[in-house]
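Asker: Take this structure, written in structure tokens, and hold onto it; I'll ask about it next.
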Amino acid sequence: MNRLIGKARAHDKAAFQQLMEHQGKAMYKVAKAILKNDDDVLDAMQETALTCWEKIDSLKNAKYFQTWITRILINHCNAIYRQRKKIIAEEELPEAGFRENGYADVEWEEFFRNFDEKYRTVIILYYVQGFKTREIAEILQVNESTVRSRLMTARQKMKEEYAKDRVLHIADYNEEVLKKAEGSM
């Protein structure tokens, strides 16, 4: 990885392309957690790649490449999010639309639908991307204690959502059992 970063700093397009391909899935997950719309996610990823190519010389230490690129991505995602929010507010359109998602994506989005962006982002960065709280604090430009607090709140909310979901499934199951029992009498 360090070799690729060194080559990319020397403006080797092939090395830079390999770096972007290596980071692609991680970037997609982070952007999707913020933006939710595939078109916006792809725009953010393109803008991030362009910015990284133009500013690769500003990366001081190769070991922070992933943190650096994630911070740039989040900045682009936030800019797109603000722009879309402004456009929707100006047009006074309802916030609805059709999206084609895989089953797992639908479940993921449904589970996190009531989470604020700040909690979704921290969960993705910590659990999916594997960043440490210190790194997340750098990426989001907040205190590390804020990251830990958001993680704690998000975990509690996840626990509550999971418990609520289990109660609903148990209630559905009990209702189904009662109907079957009444039908057999």
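Just so you know, all these numbers are worked out from the coordinates, no wet-lab data involved. Note that the structure is predicted; figures quoted are calculated from it, not measured. Note that we place each Cβ from the backbone using ideal geometry, even for glycine, and neighbour counts take in every protein chain shown.
Asker: How much length is gained if the chain between residue 37 and residue 118 is pulled fully straight, taking 0.36 nm per residue apart and subtracting their Cα-Cα distance, in nm to one decimal?
Answerer: Contour length minus the Cα-Cα distance gives 27.5 nm.
Asker: Report the extension gain between residue 14 and residue 156 in nm, rounded to one decimal, defined as 0.36 nm multiplied by the number of residues separating them, less their alpha carbon distance.
Answerer: Stretched out fully, the residue 14 to residue 156 stretch lengthens by 46.7 nm.
Asker: How far is it, in nm, from the label point at residue 58 to the one at residue 3 when both lie 7 Å from their Cα along the line to the Cβ?
Answerer: If labels sit at residue 58 and residue 3, their model points lie 2.9 nm apart.
Asker: Going highest first, how would you order 120-131, 143-154 by mean Cβ packing within 10 Å?
Answerer: Highest to lowest by the protection proxy: 120-131, 143-154.
Asker: Show me, for the range 15-28, the HN-Hα J-couplings you get by feeding each phi into the Karplus relation (A = 6.51, B = -1.76, C = 1.60, θ = phi - 60°), rounded to Hz, glycine and proline as x.
Answerer: 5, 5, 4, 4, 4, 5, 5, 5, 8, x, 4, 4, 5, 4
Asker: Would you mind checking 25/60; 132/159; 7/63; 60/157 for any pair whose Cα atoms are more than 26 angstrom apart?
Answerer: Violating the 26 Å Cα-Cα cut-off are 60/157.
Asker: Can you pull out the trypsin sites (Lys or Arg not before Pro) in the range 9-78 that DSSP calls coil and that have at most 11 other Cβ atoms within 10 Å?
Answerer: For trypsin sites (Lys or Arg not before Pro) across the range 9-78 that sit outside H, G, I, E and B with at most 11 neighbouring Cβ atoms in 10 Å, the list reads 60.
Asker: So, one more: Under a crude label model (7 Å from the Cα following the beta-carbon direction), how far is residue 163 from residue 142 in nanometres?
Answerer: 2.3
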